[in-house]
Amino acid sequence: MPGTMSSAWSARGELAQGLSGLLLVLFVWAHMFFESSILLGKEAMYWVTGLFEGKHIFGQPYPWLVSFIAVIILLLVVMHAALAMNKFPAGFRQQRALYRHTGRMRHTDTSLWVVQAVSGFLLFFLIPVHLYTMIVEPANIGPYASADRVWSGRYWVLYALLLLTVHVHAAAGIYRLLMKWAPPRRGALINRARARRIALGAACFFILLGAASLIAYMKIGADHADRAGERYHPATAQAPLALKE
Ligand code: HEM
């Protein structure tokens, strides 16, 4: 029964795409909190960097742990994108037909589908650049190393584009997942309007948090530009205080 077989596969593909998308969104949201530790100061970001290198557990840093996580994330991104591309032509036809039939009624959801397809396409180019850097230079993360990359390495352009695109894509994805797995019913906890508010709220919050962190990295990078490449050492940073004593 080829029809049944292919619909079983497409149901599995649908589930895998939703699940990989959900994992990626949760990763990116958590990542925004860790990476925004720079807003609490250089010392806080230095501590978070050590955490991901296993320094607080093993006593010394193992930057390859960061590369390992980044490879897993890259594989998830590739899988998610491949599944999305697979259903793109049919999805596009479906959305167009739906729009033609229902006119204005579903207009927002159809536009949202287009927003998600376009942002997903852009992310396909933006994410690998960032992940490649994290995979090949895992030891080059920290208050000065990151700020130097952002400012002196001009990565702020990539990050500003990535920040906007990924949070628009993630919010649209969360809205669609909520609509799919918790379909709006009368009296349901999540209705269409509430799902929209959750998605919009998350996008605004993370874009603002990311923009504030990016500005913090840019400022530190600009102040440190003449010493770009020099690493942050808490002991050195505290030296002037120690001298005063
Ligand atoms: C294991 C994988 C990842 C690691 C270790 C990582 C690490 C970092 C670090 C340390 C920064 C600060 C700047 C720098 O050092 O260059 C940063 C910035 C950023 N990352 Fe990631 N990242 C990862 C994956 C991702 C993914 C998958 C996305 C999005 C799809 C992403 C989106 C961003 C954005 C938007 C910024 C700029 C943040 C801002 O504007 O404040 N990252 N990342």
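Could we say that Met85 is part of a helix (DSSP H, G or I), modelled with pLDDT of 90 or more and either closer than 25 Å to Ser213 by Cβ or of a type outside the set (Ser, Thr, Tyr) (or both) here?
Considered against the rule, which asks whether it is part of a helix (DSSP H, G or I), modelled with pLDDT of 90 or more and either closer than 25 Å to Ser213 by Cβ or of a type outside the set (Ser, Thr, Tyr) (or both), Met85 comes out as no.
I'm trying to understand the selection: among the residues of segment 39-70, which are more than 8 Å from the ligand (Cβ to nearest atom) and within 27 Å of Ala202 (Cα to Cα)?
Matches in segment 39-70: Leu39, Leu40, Gly41, Lys42, Ala44, Met45, Tyr46, Trp47, Val48, Leu51.
Would you pick out the residues in segment 71-88 that are within 12 Å of the ligand (Cβ to nearest atom) and in contact (Cβ under 8 Å) with a residue 40 or more places away in the chain?
The first filter runs over segment 71-88 and keeps only residues within 12 Å of the ligand (Cβ to nearest atom), leaving 71-78, 80-81.
Of everything in segment 71-88, those that are within 12 Å of the ligand (Cβ to nearest atom) and in contact (Cβ under 8 Å) with a residue 40 or more places away in the chain turn out to be Val71, Ile73, Leu74, Leu76, Val77, His80, Ala81.
Failed condition for Tyr155, given (1) of a type outside the set (Val, Ile, Thr); (2) near the ligand (Cβ under 7 Å from one of its atoms); (3) open to solvent by less than 40 Å² (accessible area, probe 1.4 Å), with all others met?
Against the list (1) of a type outside the set (Val, Ile, Thr); (2) near the ligand (Cβ under 7 Å from one of its atoms); (3) open to solvent by less than 40 Å² (accessible area, probe 1.4 Å), Tyr155 comes up short only on (3).
In segment 18-38, what count of residues is obtained for those that are open to solvent by 80 Å² or more (accessible area, probe 1.4 Å) and within 12 Å of the ligand (Cβ to nearest atom)?
4
So which pairs qualify, if the first residue must be in segment 163-176 and of a type in the set (S, T, N, Q), the second must be open to solvent by less than 40 Å² (accessible area, probe 1.4 Å), the Cβ gap must be under 6 Å, and the two must be at least 6 apart or on different chains?
Final answer for the pair search is Thr165/Ser119; Thr165/Leu123.
If you go through segment 164-180 one residue at a time, how many are within 12 Å of the ligand (Cβ to nearest atom) and of a type in the set (A, V, I, L, M)?
Summing the residues that are within 12 Å of the ligand (Cβ to nearest atom) and of a type in the set (A, V, I, L, M) in segment 164-180 gives 4.
Within 13 Å of the chain's Cα centre (by Cα), assigned to a helix (DSSP H, G or I) and either modelled with pLDDT of 95 or more or surrounded by fewer than 18 Cβ atoms within 10 Å (Cβ to Cβ) (or both): is that true of Leu15 in this structure? Before the answer, list the steps.
Numbers: within 13 Å of the chain's Cα centre (by Cα): no; assigned to a helix (DSSP H, G or I): yes; either modelled with pLDDT of 95 or more or surrounded by fewer than 18 Cβ atoms within 10 Å (Cβ to Cβ) (or both): yes.
No.
Step by step: first the residues of segment 116-144, then only those that are more than 10 Å from the ligand (Cβ to nearest atom), in contact (Cβ under 8 Å) with a residue 40 or more places away in the chain and surrounded by fewer than 18 Cβ atoms within 10 Å (Cβ to Cβ), then the one that is nearest to Val157 (Cα to Cα). Which residue is that?
If we take residues in segment 116-144 being more than 10 Å from the ligand (Cβ to nearest atom), in contact (Cβ under 8 Å) with a residue 40 or more places away in the chain and surrounded by fewer than 18 Cβ atoms within 10 Å (Cβ to Cβ), then Leu122 is nearest to Val157 (Cα to Cα).
The values are calculated or read from the model by the stated rules, or taken from the named source; none is laboratory data. The model shown is predicted, which means the values in this text are computed figures rather than measured ones. So basically every Cβ, Gly included, is an ideal-geometry build from the backbone, and we count neighbours across all protein chains shown. Heads up: the accessible areas ignore ligands, DNA and RNA and are worked out on the full protein's heavy atoms, side chains in. Shrake-Rupley method; radii C 1.70, N 1.55, O 1.52, S 1.80 Å.
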